[in-house]
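Below: the structure, in structure tokens.
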Amino acid sequence: MSASTHEVVNQPPPLVGYDVAADAALLDAVEREGAGWAAGDLHRLGKLAGEAEPQRWAEEANRHEPRLATHDRYGHRLDEVEFHPSWHRLMDVAVGEGLAGAPWADPRPGAHVARAAGMFVWSQVEAGHSCPVSMTYAVVPALRHAPELAAAYEPLLTSRAYDPGLRAPLTKRGLLAGMGMTEKQGGSDVRANSTTATPAADGTYRLRGHKWFTSAPMCDLFLVLAQAPAGLTCFLVPRVLPGGERNTFRIQRLKDKLGNRSNASSEPEFDDTVAWRVGDEGQGVRTIIEMVAMTRLDCVTGSASGMRAALVQALHHVRHRSAFGGRLIDKPLMRNVCADLAVETEAATALALRLAGAVDRGVRGDDGERAFGRLAVAVGKYWVCKRQPAVVGEALECLGGNGYVEESGLPRLYRDAPLNSIWEGSGNVQALDVLRALRRDPGSLEAFRAEIAAAAGADRRLDEAAAGLTALLGGDDLEFQARRAVERMAVVLQGSLLVRHAPAEVADAFCATRLAGDWGRTFGTLPSGSGTAVLLARAMPA
């Protein structure tokens, strides 16, 4: 009788049956930013996110990638993308929970904060499907530059009904929206776009051209940039025209991407494509930038969410895995690594929700918050999205070889990690946008400085870093130093938030390592006496 060679010991149990929203940093920020009333719904969504079934949906949506069908069996153009049923289940939850356009129809103060918190929680299940959800949220303020179009479509964009399939938009229960900005010759330099828009006698325009990156091509509506007679202009392009006939939207191919594989990113071709103008001719960038600002907010939220998801996986593993005579979580060096990751993740979470609060108050008429958000969203987009790959990579390493195996879920988090730093403008674009805001909008810098000054005198290291930032921003070669300046803006802002609102142990560890310079080049270099017990207890999933 032979002994079994496959007894499973010293492996962590599945990470299921927990509340993803049971996150002290998140819940504190939600309350602080005016959406405490949403806590019940947030916990309900968090418990769903922590169950095995949505985790299976996430795995299936990424393993069975979207498939492009250009023609039917008879040769007619289809230009449709087929998704696995699990993608639709993820989407149904996201839209039904109000994570798309719903906050724009919600009069309650804090509605945009509640929505950002929901995105933070639900995106930890799967990040790819958040792309069309985010764009649908972001399209509303830009579409309001065309009041008649907004009146027709906004009730459906703010609906909580997920209604997939290509049909006349006004016949559906809910709509999704996308965006077509970049072209192969220009990328982020959208003023180099060559797609043309020719006025038609009926007041519409006809588009002709080729877009290079248009995600979620099965959305119902798209905001598109094209060259009208007076210059670059924003247009609304529906997949299906009001009468029910298909608009010309020829999908040339789907992108074969590093990550974000559950989501389809396409190259559509326009040829006599019907479009409606949104905003004035020649003001396309100014119009669509309202959409971009909202999707950039979601980039920050999504990166903070991805960092939290990776941290939770790492903490779960080290809490249950033993090596060298004891649990990994009890090993001093592993505690340093995990506590350092927890500090970074809390700083990202606090900043993301602070930005959501600024958006919420800004859309309700607070000019100071609007000015703060104009600068701080770009600052946060630059820094938090840069930190995500480093955090996820270190969290993966906590699992050792187990983290390098697809079944762990960490490889998907790692592949997805660089995306938010590229989408809606890479690091250089964000840094230059910050410089542009500093030159053109002194009120934004004043609001930013006022936010930092709210913590003045509370921590010497923060005060010294703020003074150094002022000197850096006054330098002569600011464009050359733009990344350095924006990085310092971000960490000083995070430090100000943590000093005011986080437990002393979190704020002290952050200021000691991110502001005072007592920090190594990798995670796990917190100085002695950093209060790791408090840091880990606060970060540990319930």
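Here, each number is a calculation from the coordinates, and none is a lab measurement. From a predicted model like this one, the values you see are computed outputs, not experimental measurements. Cβ placement follows ideal geometry from the backbone for every residue including glycine, while neighbour counts extend to all protein chains displayed.
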Mean separation of Cα contacts under 8 Å (6+ apart) over length of segment 24-282, as relative contact order %: 18
Cα lying deepest toward the dipole's positive end in segment 24-282, options 104, 128, 201, charges on Cβ: 201
Computed [θ] at 222 nm, helices only, for the chain once each DSSP H run of length n ≥ 4 contributes -39500 (n - 2.57): -16000 deg cm²/dmol
Residue order, fewest to most beta carbons within 10 Å, for 37, 212: 37, 212
Cα-only radius of gyration and Dmax that characterise segment 286-539, units Å: 18.4, 61
Loop-exposed trypsin sites (Lys or Arg not before Pro) per DSSP, neighbour cap 11 Cβ within 10 angstrom, longest uninterrupted part of the chain: 185-520
Environment charge at residue 267 (Cβ cut-off 10 Å; Lys +1, Arg +1, Asp -1, Glu -1): +3
Percentage of interatomic Cα-Cα distances in segment 187-328 larger than 19 Å: 62
Counted charge near residue 538, where neighbours are those whose Cβ lies closer than 12 Å (Asp, Glu -1; Lys, Arg +1): -4
Total charge dipole magnitude, the chain, about the Cα centre, Cβ charges on Lys, Arg, Asp, Glu only, Debye to nearest 20: 320
Percent of C-alpha pairs per 5 Å bin, segment 117-180, short to long: 4, 16, 25, 26, 17, 9, 3, 0
Environment charge of residue 168, counting only residues whose C-beta is closer than 13 Å and scoring Lys/Arg +1, Asp/Glu -1: +2
With 10 Å bins from 0: P(r) over the chain, alpha-carbon pairs, percent: 4, 18, 29, 26, 15, 6, 2, 0, 0
Computed E for residue 271/residue 464 - FRET, C-beta separation, R0 60 angstrom, nearest 0.05: 0.50
Potential lengthening between residue 53 and residue 366 on full extension [0.36 nm per residue; Cα-Cα distance subtracted]: 108.5 nm
Signed unit charges on C-beta, dipole axis of segment 386-536, positive-most listed residue 507, 522, 442: 442
Measure of compaction for segment 286-417 (Cα Rg per 2.2 N^0.38 Å): 1.25
Globularity index of segment 24-282, i.e. its alpha-carbon radius of gyration over 2.2 N^0.38 Å: 1.03
